[in-house]
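The values are calculated or read from the model by the stated rules, or taken from the named source; none is laboratory data. Since this is a predicted model, take the numbers as computed values, not measurements. Here Cβ is always computed from backbone atoms with ideal geometry, including for glycine, and neighbour counts include all displayed protein chains. For the accessible areas, the whole protein counts, side chains as well, though only heavy atoms, and no ligand, DNA or RNA atoms are used. Shrake-Rupley method; radii C 1.70, N 1.55, O 1.52, S 1.80 Å.
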Amino acid sequence: MKFAVIGNPISHSLSPLMHHENFKALKLNAQYEALNIPPEHFHHIRDIIQAHALDGFNVTIPHKERIIPYLDALSPEAEAIGAVNTVVVSDNQWVGHNTDGIGFVKGLEQRYGNLDNARILIIGAGGASKGIAYTLTQKARYPIAVVNRTMSRFDDWQFDIEKHHLSELEQIAGQFDIIINTTPVGMNNVEESVGVLNALKEDVWVCDIIYIPAQTAFLKQAADQGYQTYNGLDMFVYQGAESFRIWTGQEANIEAMRQIVEHRLYQ
């Protein structure tokens, strides 16, 4: 079996390391490589994948939407989200999936527990937010709320959520059990988040999809105020595991995948 991740740039990707550790743990004879494909060469994508004889591949920035016209079919979640990060190649047919939202939600469920009765707020309306929001709508009993500065970003969302302008964030934040930041603000702009963090419930979970660094400024501020925090490492691991399951029908060794990534990043 041969797999890859395509993107541009791609040399920094930890996906080959993570997947090879999974293959090793499961005693599989499989390969996984990183393929750098500049946008100007993307029209050759079918030839490139065929030349590498891949059984499936992951798609990362900036190709998650660009890949769609080259696919033969989309899974329901990929169609709803409008982006693809996993492609299955079988009998020269390409089927696109999106495991980003599933990755984040599966990881969160393992740590938080059942999400049925959780009230959840997502900050940001980019591609990652859309994937997470879609998956959560399948899980949570209450409507998923999403705040964003530019409301037109919601125009192509094909599923129901509560839409709020970013200016409402501080006013509504105290209603939620889980806050998920999907914007770059968590990296260093603590000033924008202080008011929000002061307005939260005591037992709230504050999440950030970033995992490099392990604790963003947003999460550090939340931790300093006594809130439970959760970063995006599990999202990376579980989306990879879900891709592996889609390609092979087998369950991945999650612990082996997580340990190798944590070792590379944090030790």
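Looking only at residues in region 141-160 that are out of contact with any His (no Cβ under 8 Å at 6 or more places or on another chain) and closer than 25 Å to Asn198 by Cα, which one is surrounded by the fewest Cβ atoms within 10 Å (Cβ to Cβ)? Applying the filter and picking the extreme gives Thr150. The number of residues in region 85-137 being of a type in the set (Gly, Ala, Ser) and either within 30 Å of Leu54 (Cα to Cα) or in contact with a Cys (Cβ under 7 Å, 6 or more places away or on another chain) (or both) comes to 10.
Residues of region 197-212 that are of a type outside the set (Lys, Arg), assigned to a loop (DSSP other than H, G, I, E, B) and surrounded by 14 or more Cβ atoms within 10 Å (Cβ to Cβ): Ala199, Leu200, Val204, Ile209, Ile210, Tyr211, Ile212.
Scan region 232-254 for residues that are open to solvent by less than 30 Å² (accessible area, probe 1.4 Å) and in contact with a His (Cβ under 9 Å, 6 or more places away or on another chain) and the total you get is 5.
Residues that are in contact (Cβ under 8 Å) with a residue 60 or more places away in the chain and more than 26 Å from Gly126 (Cα to Cα) number at least 1 in the following helices (runs of 4 or more DSSP H) confined to region 1-94: 15-26. Counting only residues that are outside any loop (DSSP other than H, G, I, E, B) and modelled with pLDDT of 95 or more, which one in region 224-233 is nearest to Gln267 (Cα to Cα)? Here the residue is Leu233. Under the condition of being open to solvent by 60 Å² or more (accessible area, probe 1.4 Å) and outside any loop (DSSP other than H, G, I, E, B), which residue from region 169-185 is farthest from Leu233 (Cα to Cα)? The selected residue is Gln171. Looking at this structure, is Lys220 modelled with pLDDT under 95, assigned to a helix (DSSP H, G or I) and either out of contact with any helix residue (DSSP H, G or I) (no Cβ under 7 Å at 6 or more places or on another chain) or open to solvent by 10 Å² or more (accessible area, probe 1.4 Å) (or both)? So Lys220 passes the test.
Results for (1) of a type outside the set (A, V, I, L, M); (2) open to solvent by less than 10 Å² (accessible area, probe 1.4 Å), shown as yes or no for each residue.
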site: Asp72; (1), (2): yes, no
site: Val87; (1), (2): no, yes
site: Gly101; (1), (2): yes, yes
site: Gly113; (1), (2): yes, no
site: Ala133; (1), (2): no, yes
site: Leu136; (1), (2): no, yes
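Would you be able to tell me the number of residues in region 52-66 that are under 18 Å from the mean Cα position of the chain (by Cα) and over 20 Å from Met235 (Cβ atoms)? Counting residues in region 52-66 that are under 18 Å from the mean Cα position of the chain (by Cα) and over 20 Å from Met235 (Cβ atoms) gives 1. Taken together, the criteria place Leu17 among residues that are surrounded by 12 or more Cβ atoms within 10 Å (Cβ to Cβ) and either closer than 23 Å to Glu251 by Cα or modelled with pLDDT under 95 (or both).
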